[in-house]
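**Q** To start, I am sharing the structure in question, which I have written as structure tokens.
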Amino acid sequence: MAQFTRRHADAVAKKLGCRLVERKKHCFAQMYHGEKMVLMFGIRRGSREEGHDHLPRELHLTSKQCPELHDCSLSTEQFLTVLKEKGLL
């Protein structure tokens, strides 16, 4: 995958069941585990497909794992395992 775009960010947010918080220039996807928010990432708005290269960092994934999460070769359960291994859950 050459570049992550808003379409990819929206798909990841939906897959992870994130709550979306709308702001003026960005939308923020918040992922909760139980009552605790475990991560949040920004989704840029705009008339063109802007890059979302910040996603791997904000999702606590490698640049290889992030496209795998989008393409479903990394499942939601596997993603949660990654977060547990990093002490975020």
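**Q** Between His52, His60, His33, which gets the highest mean-square fluctuation from a Gaussian network model of the chain, Cα cutoff 10 Å?
**A** Checking each option, the largest mean-square fluctuation is seen for His33.
**Q** Then there's this: Counting other C-beta atoms within 10 Å, which of Cys27, Cys72 has the fewest, and how do the rest follow?
**A** Arranged by neighbour count, lowest to highest, Cys27, Cys72 become Cys72, Cys27.
**Q** I would also like to ask the following. State, to one decimal in nm², a quarter of the convex hull surface area for the C-alpha atoms of the chain, i.e. the direction-averaged projected area.
**A** The orientation-averaged projected area of the Cα hull of the chain comes to 5.6 nm².
**Q** With springs connecting C-alpha atoms under 10 Å apart, model the chain as a Gaussian network and identify which of Gly51, Gly34, Gly42 has the largest mean-square fluctuation.
**A** Sorting by GNM fluctuation, first place goes to Gly34.
**Q** Quick check: residue separation of Ser73 and Lys86 times 0.36 nm, minus the Cα distance between them. What number comes out in nm?
**A** 2.7 nm
**Q** Here is a follow-up. Mind counting lysine pairs for me in segment 6-85? Cα separation below 21 Å, and the two need to be 8 or more apart along the chain or on different chains.
**A** Taking segment 6-85 as the scope, the lysine pair count is 10.
We did not get these values from a lab; they are worked out from the coordinates using the rules stated. Computed from a prediction, not measured in an experiment: that's the story for all the values here. As a convention, Cβ positions derive from the backbone with ideal geometry for all residues, glycine included, and neighbour counts pool all protein chains shown.
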